[in-house]
Each structure stands twice: as C-alpha cells, then as structure tokens.
Amino acid sequence: MADVTVRDAERADLLDVLRIEKRCFTEPWPYAAFESFLNEPGFLVADREGSVLGYVVADVMPNHGRDIGHVKDLAVAPEARGLGLGRRLLQRGLLALSFAGAAVVKLEVRVGNNSALSLYRSAGFDSARRVPSYYADGEDAYLMVLDLSEWGGGG
Ligand SMILES: CC(C)(COP(=O)(O)OP(=O)(O)OC[C@H]1O[C@@H](n2cnc3c(N)ncnc32)[C@H](O)[C@@H]1OP(=O)(O)O)[C@@H](O)C(=O)NCCC(=O)NCCS
C-alpha cells in the first residue's frame, strides 16, 4: 500500500466515499452529511491512483480552552482491509485534529465491532463509558477517549 496517498477529501471524492459508506454501514450517512464536512481538517481519504479506498471524518469543537476532537466516521473498502489503511487514516486524522487544536479526541463505536475496537485501543483510545442503545438498531456504543497530550502519534 506504498502507492496510497492520504490527503484532504475533495468534492470529487464524495460519490466514491458514499459508495464505500453504503457497503460498510447499516445506517449509512447521506451525501449531504459528507458534504458538510468538506472543509474540516479531519476529512481525509486514502487514494490509490485516483480511486478512493477509505476515509476518515473528524472535526474539532471548542470547549472552554480544551477543544474536543471527534472521530465521526472511518471506513475502508472491504477489498482493501487488513493492509494498514484504517490505521493510517486514523493516525493522519488524529494528527490533523491535533494541529487544529484538539486536546482530547472522542469517538463512539459499536460494542460488537471488534476490528474497530482493536484498532482504537491500539491507537491509545480508552473506553470511557458504555452508552445504551446508542444506535438506531438498539446496539450499545462504547464512548472512547484519547488524550492527545499523551499521544505519541503512533499506535
Ligand atoms: C475498522 C476498519 C476501518 C479497519 O480498517 P483496516 O484497514 O482493515 O485496518 P488495518 O489494516 O489498518 O488494521 C489496523 C488494526 O485494526 C484491527 N483489525 C483490523 N482488522 C481486524 C480484524 N478482522 N479483526 C480484528 N482486528 C482487526 C487490528 O487491531 C489491526 O492492527 P494489527 O494489524 O496490528 O492487528 C475496517 O475494518 C472497516 O472499514 N470496517 C467497517 C467500518 C467500521 O466499522 N468503521 C469503524 C466505525 S466506528
């Protein structure tokens, strides 16, 4: 995957992103949701020769001097998984949030999503609490948190 570039998402990427989103999630985001994140520092795509293989969507909210980054979406096309792209996207997203001033980063993940949980834990996220019925189908979420001041950029 040396020929994969992680770069800012552009409008021209949105249909590819939406196609991957629909293959990955039972409750996919609509086009307009991705569109609204186009200028956020944490909306990045993994691009191989002009085709999008995965993406991360994250933003930063002001919070009384301790700004909070939020990883809102992360997905890799099924045929491109297990090659390190999810980890690369997450790390680049966290770096972008850090540059944008985030002190801590939060995210929600399905309690049954073992791949994502393993990725987030190995990147340094801790489960802060379990949120009952967070998803529309009734599944619980873990709210996970990473303190960027203690984050070494690895994972
Ligand atoms: C979660 C996801 C983004 C991981 O992407 P990926 O490119 O396959 O991940 P990577 O190859 O970078 O692997 C990174 C780590 O993820 C974890 N992981 C990835 N696939 C896994 C699997 N099948 N089982 C268990 N852990 C797995 C491992 O910790 C792995 O680290 P390791 O290779 O050192 O063991 C991908 O599985 C995906 O798109 N899933 C569907 C969408 C989704 O659930 N997104 C998260 C929403 S919160």
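Yes/no per residue for (1) of a type in the set (Ser, Thr, Tyr); (2) closer than 25 Å to Val145 by Cβ; (3) more than 9 Å from the ligand (Cβ to nearest atom); (4) in contact with a Phe, Trp or Tyr (Cβ under 6 Å, 6 or more places away or on another chain):
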| site | (1), (2), (3), (4) |
| --- | --- |
| Asp3 | no, no, yes, no |
| Arg7 | no, no, yes, no |
| Ala12 | no, no, yes, no |
| Leu44 | no, yes, yes, no |
| Arg48 | no, no, yes, no |
| Val71 | no, yes, no, no |
| Arg88 | no, yes, no, no |
| Ala102 | no, yes, yes, no |
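State which residue is nearest to the ligand (Cβ to nearest atom) when the search covers only the stretch 109-131 and only residues that are under 17 Å from Asp147 (Cβ atoms) and not in a helix (DSSP H, G or I). Quick ask: steps written out before the conclusion?
If we filter the stretch 109-131 for residues that are under 17 Å from Asp147 (Cβ atoms), which is where we start, we get 120-129.
Restricting the remaining residues to those that are not in a helix (DSSP H, G or I) gives 123-129.
Details: Ala123: 8, Gly124: 12, Phe125: 11, Asp126: 15, Ser127: 13, Ala128: 15, Arg129: 16 Å.
Per the criteria, the residue is Ala123.
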For Gly93, all conditions in the list (1) over 14 Å from the mean Cα position of the chain (by Cα); (2) within 16 Å of the ligand (Cβ to nearest atom) hold save one; what is the number of the exception? (1)
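When you go through Ala12, Ala46, Ala32 one by one, which is the residue that is under 20 Å from His70 (Cα atoms), modelled with pLDDT of 95 or more, part of a helix (DSSP H, G or I) and of a type in the set (Gly, Ala, Ser)?
Working: Ala12 fails: under 20 Å from His70 (Cα atoms); Ala46 fails: part of a helix (DSSP H, G or I).
Result of the check over Ala12, Ala46, Ala32: Ala32.
The values are calculated or read from the model by the stated rules, or taken from the named source; none is laboratory data. Just so we're clear, the structure is a prediction, and the values are computed from it rather than from any experiment. As a convention, Cβ positions derive from the backbone with ideal geometry for all residues, glycine included, and neighbour counts pool all protein chains shown.
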